[in-house]
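Colleague: Dropping the structure in here first, questions after.
The values are calculated or read from the model by the stated rules, or taken from the named source; none is laboratory data. Worth saying up front: this structure is predicted, and the values here are computed from it rather than measured. Note that each Cβ is placed from the backbone with ideal geometry, even for glycine, and that neighbours are counted across all protein chains shown. Each accessible area value is taken on the protein alone, full model and side chains, heavy atoms only, with ligands, DNA and RNA left out. Shrake-Rupley method; radii C 1.70, N 1.55, O 1.52, S 1.80 Å.
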Amino acid sequence: MATSVMEPPKQTAAKSSQLFVPDYVFVEPHALDYPLGRELYERFSREGIPIQMTTSHNQVRGIPGETDLEKYRNAKRTLVIGVRKTLKFETSKPSAEYAIPLATGCAAHCHYCYLNTNVGTKPYIRVYVNTDDILAQAQKYILERPGEMTRFEAACTSDPVSIEHITGNLKRAIEFMGTQEFGRLRFVTKFHHVDSLLDAKHNKHTRFRFSMNADYVIKNFEPGTSTFAQRIEAAGKVARAGYPLGFILAPLYWFEGWEEGYTDLLERLRSQLVPEALEDLTFELISHRFTKIAKNLILQRYPKTKLEMNEEERKYKWGKYGKGKYVYPDVQAKALQAHLENEISRLFPRAKIEYFT
C-alpha cells in the first residue's frame, strides 16, 4: 500500500506554486475509513509523493534528516493524515469560547510562532479527516449555551487557509457555521489562497482575519508566508464576498523605528482596502512574547534569527498551570498599545479594537 523508504518525491507542477505540497506523507490506518482520508491517500499516491503508514498522528517516526535541524525542516514539509480522537475542544480566550481542531501545525517558518512551544516536538502538519465528528461536537457546545453566541477559533494550532486546497475542511466548517443561529467561526491567516472560500455560504457567521505586521517583521521573521500586498489583495476579495473582516497585528514587536513602521502599515492598509472592508472591521493587538522552551527551539531551528529574546529586558508573566512567558515591560507594552490604538482610531474610526494583550 505504501512505500517503505522515504525517498525524494517526484517533482510535480504544483511544486512551483506557493501552495503547500508535502514532500512526505504519513497516514493513520483508520484515516482510510473516511472518504477524505481515502481521497488524500489516492491523490498523493498518483502524484508520486512518498507515503508511509503510521500508528498515530502523535507518534510519527521516519522523517528523514541527518541532524535535528534537517529533521525539523523536513518535518515542516511533512503531512500527516489522521483521525482526531480527542473531541474535547480547548478554550481560546480572548478570541473565542473554543478552538475547533481542524488541523495542527503550519508549513510557514515564522520565527516567533507560539507553535514552537505548543507543538515543539511535532512540527509536522496534521490534518484530520473525521470532519463530521468535529462539527457535530461543535454543535454540542453550541447547544450547551442556549441563547448565547458561541465562537470557535479555527486557527489556534494551524493556518487553515494554507492547507485548504488539500482538505476543503475550512469551507465545510464555514458553511456548517452559516446554518447555526448561535454559532460563529473565526480564523486568521498569513496566506492569500482564498479563492475557493469566496463562494461559501457563510451567512456572515465567519470572521475572516488576516495577520499583518510592519515590513521589518514580515521581512525578518515570516519566511514562507504570503507578502503584505498579497494579503491585502486577498482581504479585498474576502470583503467583497461579504465576510466580516478583521486584522490581527501580531506580534507587535519593538524594533528601531517601530512607530513609523506601524504607522506605515496602517496607512497602507487604509489606502489599499476596498470600501466593503470598512463596513464591519475589527483589530486584535498582540505584543511579542516567548517562553524559555520556545526560545531554545527558535535558536536551534533559526540560528541566524534577529529575533530579540533577552530575558533580562523582559517582564515575566505567570500563566495558567504554573507556566509563564516573557513579555514587554509595562512601559514598552503601554507605548505599543497607545500608538496602535491612536493610529487605528485615526485611520479606521469605525473599526472595533477587540483587545490588546
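Colleague: Scan the range 266-286 and give yes if some residue there is within 18 Å of Y112 (Cβ to Cβ) and without any contact (Cβ under 8 Å) to a residue 40 or more places away in the chain, otherwise no. Reasoning before the result, please.
Modeller: Quick first cut of the range 266-286, residues within 18 Å of Y112 (Cβ to Cβ) only: 284-286.
Narrowing the set further to residues that are without any contact (Cβ under 8 Å) to a residue 40 or more places away in the chain leaves none.
No, that holds for no residue.
Conditions tested, residue by residue: (1) modelled with pLDDT under 95; (2) open to solvent by less than 20 Å² (accessible area, probe 1.4 Å); (3) among the basic types (K, R).
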| site | (1), (2), (3) |
| --- | --- |
| S16 | yes, no, no |
| D33 | no, no, no |
| Q52 | no, no, no |
| A103 | no, yes, no |
| A108 | yes, yes, no |
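Colleague: Can you pull out the residues in the range 319-345 that are without any contact (Cβ under 8 Å) to a residue 60 or more places away in the chain, in a helix (DSSP H, G or I), surrounded by 11 or more Cβ atoms within 10 Å (Cβ to Cβ) and of a type outside the set (S, T, N, Q)?
Modeller: A333, K334, A335, A338, E341
Colleague: Out of T104, T78, T91, T86, which single residue is more than 15 Å from the chain's Cα centre (by Cα) and closer than 18 Å to V21 by Cα?
Modeller: Selected residue: T78, the only one of T104, T78, T91, T86 that is more than 15 Å from the chain's Cα centre (by Cα) and closer than 18 Å to V21 by Cα.
Colleague: State whether one or more residues within the range 291-309 are in contact with a helix residue (DSSP H, G or I) (Cβ under 7 Å, 6 or more places away or on another chain), open to solvent by 40 Å² or more (accessible area, probe 1.4 Å), farther than 15 Å from N213 by Cα and modelled with pLDDT under 95.
Modeller: The answer is yes; a qualifying residue exists.
Colleague: Take the residues in the range 232-279 that are assigned to a helix (DSSP H, G or I) and in contact with a His (Cβ under 6 Å, 6 or more places away or on another chain), then tell me which one is farthest from Y326 (Cα to Cα).
Modeller: Filtering the range 232-279 for residues that are assigned to a helix (DSSP H, G or I) and in contact with a His (Cβ under 6 Å, 6 or more places away or on another chain), the one farthest from Y326 (Cα to Cα) comes out as A234.
Colleague: Filter the range 70-97 down to the residues that are among the hydroxyl-bearing types (S, T, Y) and open to solvent by 40 Å² or more (accessible area, probe 1.4 Å) and list them by number.
Modeller: The answer is T86, T91.
Colleague: Scan the range 254-275 and give yes if some residue there is among the β-branched types (V, I, T) and in contact with a strand residue (DSSP E or B) (Cβ under 6 Å, 6 or more places away or on another chain), otherwise no.
Modeller: no
Colleague: Still on this structure: Note down all Cβ pairs under 9 Å where the first residue falls in the range 91-107 and is without any contact (Cβ under 8 Å) to a residue 40 or more places away in the chain, the second is open to solvent by less than 10 Å² (accessible area, probe 1.4 Å) and part of a loop (DSSP other than H, G, I, E, B), and they're at least six residues apart or on different chains.
Modeller: none
Colleague: Filtering the range 199-222 down to residues that are charged (D, E, K, R) and part of a loop (DSSP other than H, G, I, E, B), which residue is most open to solvent (accessible area, probe 1.4 Å)?
Modeller: So, considering only residues that are charged (D, E, K, R) and part of a loop (DSSP other than H, G, I, E, B), the one most open to solvent (accessible area, probe 1.4 Å) is K201.
Colleague: Here's another thing I want to ask about it. In this structure, is E312 in contact (Cβ under 8 Å) with a residue 24 or more places away in the chain, surrounded by fewer than 17 Cβ atoms within 10 Å (Cβ to Cβ) and outside any strand (DSSP E or B)? Steps first, answer last, please.
Modeller: Numbers: in contact (Cβ under 8 Å) with a residue 24 or more places away in the chain: no; surrounded by fewer than 17 Cβ atoms within 10 Å (Cβ to Cβ): yes; outside any strand (DSSP E or B): yes.
Answer is no for this residue.
Colleague: How many residues are within 20 Å of A155 (Cβ to Cβ) and basic (K, R) if we restrict to the range 66-116?
Modeller: 4
Colleague: Whether any residue in the range 133-146 is out of contact with any Phe, Trp or Tyr (no Cβ under 7 Å at 6 or more places or on another chain), aliphatic (A, V, I, L, M) and under 22 Å from K295 (Cβ atoms) is what I want to check.
Modeller: No.
Colleague: Something else now. Considering the range 54-69 alone, what residues qualify as being open to solvent by 70 Å² or more (accessible area, probe 1.4 Å) and under 23 Å from the mean Cα position of the chain (by Cα)?
Modeller: Q59
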